[in-house]
Structures are given as C-alpha cells and as structure tokens.
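Here's the structure, in structure tokens; my notes come after.
The values are calculated or read from the model by the stated rules, or taken from the named source; none is laboratory data. Just so we're clear, the structure is a prediction, and the values are computed from it rather than from any experiment. FYI the Cβ positions are ideal-geometry reconstructions off the backbone, even for glycines, and counts take in every protein chain you see. Ligands, DNA and RNA are stripped out before the accessible areas are found, and what is left, the full protein with its side chains, is counted by its heavy atoms. Shrake-Rupley method; radii C 1.70, N 1.55, O 1.52, S 1.80 Å.
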Amino acid sequence: MIRVLVADDQALVRAGVRMLLQAAGGMEVVGEAEDGAVAVRLADRHVPDVILMDLRMPRVDGLEAIKRVLAARPASRIVVLTTFAEDANVYAALRAGAVGFLVKDDEPERMVEAVRRAAAGEQLLAPSVLRRVVEGFLAAEEQATAPPPPGLTDREVEVLALVGTGLSNAEIAEELHVGVTTVKTHIAAAMEKLGLRNRIQAAVVAHRTGLVDASFRPVRRGPG
C-alpha cells in the first residue's frame, strides 16, 4: 500500500485527489494539509511514501515546505502540484529535491501513474524537462568538470550515465540487456555511495563528472 500525503490549500482539490488515488487501488491518503506548515507536521507524523505538494499555499508555501521536509527526511519523495508547468517555482522545487511535478489539469491517470512511479523511485521528468533542470543546476553551480564518481563499480557508472540522459528504469534495462530490478539495485547503490536524494541529483552528477555530454548522450569510456 502506497501511503500518500496531499498538501493543497483548496479543499476540493484535496478531496478530488483523495478520491482518485483511493479509487485506483493500492494507495491510501494518510493526511491532508491546507498549507505548508501543516504539511511539514503531517509528513513527520505519518512518514508517507509520496507527498503531493502544491506550491502556492498560505503561511508556509510549498517550496519552503519541501525544504523543511527534506531537511528532516532526505529520502522523502515529493511531487509538486502546479497550475502552470513553466512556473519558475517548479524548477526551484526540483532543485530543492522534489522528484517531479504534475500540472493540475493533467489527465487523472497521469497522477495515479506519477504516485506509483515516485514510490518506486522511477524517473518522473520527461527528458526535455530534465535537460532544463540539469542545465539550471550546472549554471548555478559554476563548477569545473569533476573526475568520475569515486567508489562506484563499472556497472554503477554505466547506469548513472544513462540516468543522466533521462532514461527510465525500463529503458535502461533494455539498453543494458538486464532486468529492471537489477537496474534499480545499481541506481540505489550509486545514489547511496554518492549521498544523493533523487534521480535529478544523480543526473546532475552524471553531467558534472563527464559521464554525459552536452547533447545528453552517454560518454563511452574505454577500459581503465
């Protein structure tokens, strides 16, 4: 059962999301928050698998709530709810550690799929969106290219590079001719070794360390 916390200042939105997710099966809404301060408290109380977080809420907005939740529980899976996909706050939220975003007028099936994928640690951003987010990260950091990540196995490096291109677990598995479970294992191991919270941060590391080029293609490395 996937445990979900819904944070939105509109009661009708919260009710609609709750009904949608519970009707889909395999999900339980364990809390509803009308502002960011309540969302932070409920996240600490219920420890949900996924948090759906509206950005524009009174008192404490969604962006600040994301920062507070992740400061306390870095492994939290937060999906942003927004009215406009191009809202600059969406990219700020992704940089803060959210794993993806949903536009409120998306098809209902997309929200159900997003919650399931977020809970499973899957990629939620389309490659075009991931590209903009990664480029924003790199521009803000202004760091020179670093050496390949230390302590990773050759396969973990290979998988990390493919994460950096925006491929899903299933697509990586097909590319490498391995099972999806194997891919998940390698991604989890790489992220743990590198102290990363989500795939967006993993993608940034892949680019910063030269595993992916400017065209979002993996850089093939020879032995040694």
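Before we move on, is residue 69 within 17 Å of the chain's Cα centre (by Cα) and under 19 Å from residue 114 (Cα atoms)? Against the criterion (within 17 Å of the chain's Cα centre (by Cα) and under 19 Å from residue 114 (Cα atoms)), residue 69 does not qualify. Checking 100, 36 one by one, the residue that is under 28 Å from residue 134 (Cβ atoms) and touching a Lys or Arg at 6+ places or on another chain (Cβ under 7 Å) is 36 and no other. Please specify each residue of the stretch 57-92 satisfying the condition of being farther than 23 Å from residue 11 by Cα and polar (S, T, N, Q). 76 - this is the single residue of the stretch 57-92 that is farther than 23 Å from residue 11 by Cα and polar (S, T, N, Q). Considering the stretch 159-204, and only residues there that are part of a helix (DSSP H, G or I) and of a type in the set (Lys, Arg), the residue that is surrounded by the most Cβ atoms within 10 Å (Cβ to Cβ) turns out to be 199. Scoring residue 156 on the criteria (1) assigned to a loop (DSSP other than H, G, I, E, B); (2) among the charged types (D, E, K, R); (3) open to solvent by less than 20 Å² (accessible area, probe 1.4 Å) leaves a single failure, condition (1).
Filtered by the rule that a residue be assigned to a helix (DSSP H, G or I), surrounded by 15 or more Cβ atoms within 10 Å (Cβ to Cβ) and without any contact (Cβ under 8 Å) to a residue 60 or more places away in the chain, the stretch 6-40 gives 14, 16, 18, 36, 37, 38, 39, 40.
When the helices (runs of 4 or more DSSP H) confined to the stretch 51-120 are screened for residues that are open to solvent by 10 Å² or more (accessible area, probe 1.4 Å) and under 19 Å from residue 168 (Cα atoms), those reaching at least 3 such residues are found at 108-119. Close contacts from the stretch 62-86, counting a first residue that is under 16 Å from residue 101 (Cβ atoms) and of a type in the set (Val, Ile, Thr) and a second that is part of a helix (DSSP H, G or I) and at pLDDT 95 or above, with Cβ to Cβ under 6 Å and a gap of 6+ residues or different chains, come to 69/40; 69/43; 78/66. Taken over the stretch 191-215, the criterion of being over 16 Å from the mean Cα position of the chain (by Cα) and within 27 Å of residue 76 (Cα to Cα) is satisfied by 193, 194, 207, 208, 209, 211, 212.
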